[in-house]
Structure formats: C-alpha cells, structure tokens
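As structure tokens, the structure follows; a few thoughts come after it.
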Ligand SMILES: [Zn+2]
C-alpha cells in the first residue's frame, strides 16, 4: 500500500509515551464492563500469549524508536484512508454523514471503558467510547506468529476494526449485541460470526475504494489481505493451537468464510453485498 507522505488522520490518540505505571491491573469492574458493553475483540491470542511479549515496555521517555514512529505513521495514513473512503461510501451508498472513529495507539497496556487493552486482548473496538485500541506490536504477531505477512495484512486489521465502528454508527452492532444478551452461547457465537464476517466484507469494500478511488493499492496487497483473513479464521487458529476445530465455539468465522466475505466486499465495492445477517440465518 502506498502510504508514505500521506496526509494521515487527525484522529489518532497516541498514548505510546505514557508511562505504564498509571494503568494498573484489570479490576473486577473492568471485567464486568467488558461483558455489558460488548467490545469487539478480534483475535484470541491466548495460545500465543507467552510469545507475543504483550507486556514489554516501557518508558515515559519523550522519544519513540524509529520503527514505532514509522508504524504510527502507517496506521495514521491507513486511518486517514478509512476516513476518506467511508466519507464517500456513506455519502453515496448510505446517504448519511460518516462520523470518524478515534484510534488509540498504545504500547503494553492502556485503560479503556471496555477494560484494559493489552497484548492479551489484541486490537479491538470499544463501542462505549467509539475508539479502536491498537498496539502495533500486534503487527509483528500477525506477521511472525499468525503467518499474515505484508503491510496490507496490517492495513486490513485497521480497516476491520474501523468496520466495527461503521457497524456501530449504523446501529447494527448495538442491535446485534443486545440480541446476543438473551441467547445461549452457541447462538450468541453465531451472531458474533455474522458481525465479524460483515466487518470483513466492509474491509473488502474499503480495499476496493483504496484501489479505485484513492489509487493506493500495490501489487500483492489484496493477496496479503485475503491471506490474513485466512490465517485468522477460527478453524485455522484452533488447528494451529493444536486442537480440533469446534464450530459451535467459532466467533469470527472459518478461514474460507473470512476470505469469501472480504472478497465479496472487494469485488462489489458495495455495502449492500455485506448482509451476513440475511445470508447466514
Ligand atoms: Zn472483528
């Protein structure tokens, strides 16, 4: 993806220079809030935890390492592209103004109304403050542990989290989360899969506009995103963790489904092709 020199987003909340001491541990309150508010957690990193170094860091120094600076610029450029694109898609396909999301960049651990964000949670969207939480260390996990290489794999992760914000703006997310509260676990997981596959489809719509409207897609980018979608399918993650895939526990969809829905959004460039709730019911 072409991103160097891009204007970037003004909606980055950079907490990477904050000292870690302030944030404390996850209290019971934090855990309850997670259950009530329905944050959208995207990767079950529990099987990778000893290897992710999620609680490394950190310093309260005023300067960031070069690599962090570059990753911050990459995320800012990507978030900026999501703003330009969803502005356009909302105008032309929804007939409404798009309110931009805020993306919190952090290192190690940081508080959120949905509980602490950390290496253990991975990136997520918190509807309570309408913010995406991302530690760019996850990109290393994505590339090295999950087998999803390339800058567009990372861009897809940002686009997917922003897609949850889009669902929240449209009312789809709160409606689905409310319905899930009165369901048994298996049914609740099924609705979760619908939410997640729709976010993948919206990420595909975003990728289509990144190509045709912004012209920032490079050779191999789409393949990187499709591969990422495959590597973080529930069946693949469970298999890689050494267990037999158990479909009733799936919350994000199989590798095949995730690739398929991303591709559907990408090929059509249309949000109305992303009705996973109708398609999977
Ligand atoms: Zn998601």
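Nothing in this text is a laboratory measurement; each read-out follows from the coordinates by a stated rule. Since this is a predicted model, take the numbers as computed values, not measurements. Because the Cβ atoms are built from the backbone with ideal geometry, glycine has one as well, and the counts that use them run over all protein chains shown.
Under the rule a/c < 1.5 gives rounded, and otherwise a/b versus b/c splits prolate from oblate, where does region 217-281 land using the Cα gyration tensor? Before the final figure, lay out the partial values.
Numbers: a/c = 4.37, a/b = 1.30, b/c = 3.36.
Since a/c reaches 1.5 but b/c is at least a/b, the shape of region 217-281 is classed as oblate.
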**Request:** For the chain, state what percent of all Cα-Cα pairs lands in each successive 5 Å bin, counting from 0 Å until the bin that includes the largest distance.
**Result:** 1, 6, 13, 18, 20, 19, 13, 7, 3, 0, 0
**Message:** Testing the spin-label approximation: label points 7 Å from Cα along Cα→Cβ at residue 17 and residue 275. State their distance in nm.
**Reply:** 4.9
**Request:** Please build a GNM for the chain, connecting alpha carbons under 10 Å apart, and tell me which residue among 83, 13, 196 fluctuates the most.
**Result:** 13
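How large is the helix-only mean residue ellipticity at 222 nm for the chain, computed as the sum of -39500 (n - 2.57) over DSSP H runs with n ≥ 4, divided by its residue count, in deg cm²/dmol to the nearest 500? Please list the in-between numbers first.
Working: 11 runs with 136 residues, N = 281.
That calculation yields -15000 deg cm²/dmol at 222 nm.
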**Projected label distance in nm at residue 243 and residue 183, using a 7 Å step from Cα toward the beta-carbon** = 2.0
**Item:** Mean projected area in nm² (Cα convex hull; one quarter of hull surface) for region 92-225
**Value:** 9.2
**Request:** State whether region 136-204 is rounded, prolate or oblate according to the following rule on the C-alpha gyration tensor (a ≥ b ≥ c being the square roots of its eigenvalues): a/c under 1.5 gives rounded; otherwise a/b larger than b/c gives prolate, and the remaining case gives oblate.
**Result:** prolate
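Just to verify a number: FRET efficiency for residue 129 and residue 212, C-beta to C-beta distance, R0 = 30 Å, to 0.05? Display every interim value, and only then the final one.
Details: r = 33 Å, r/R0 = 1.09.
The calculated FRET efficiency here is 0.40.
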**Asked** Taking the alpha-carbon centroid of each part, what is the distance from region 217-281 to region 95-136 in angstrom?
**Response** 22
**Complete:** Connecting every pair of Cα atoms under 10 Å apart in the chain and solving the GNM, the largest mean-square fluctuation among 171, 265, 219 falls on 219
**Request:** Have a look at 197, 64, 103 and tell me which one the Gaussian network model of the chain (Cα, springs below 10 Å) gives the largest fluctuation.
**Result:** 64
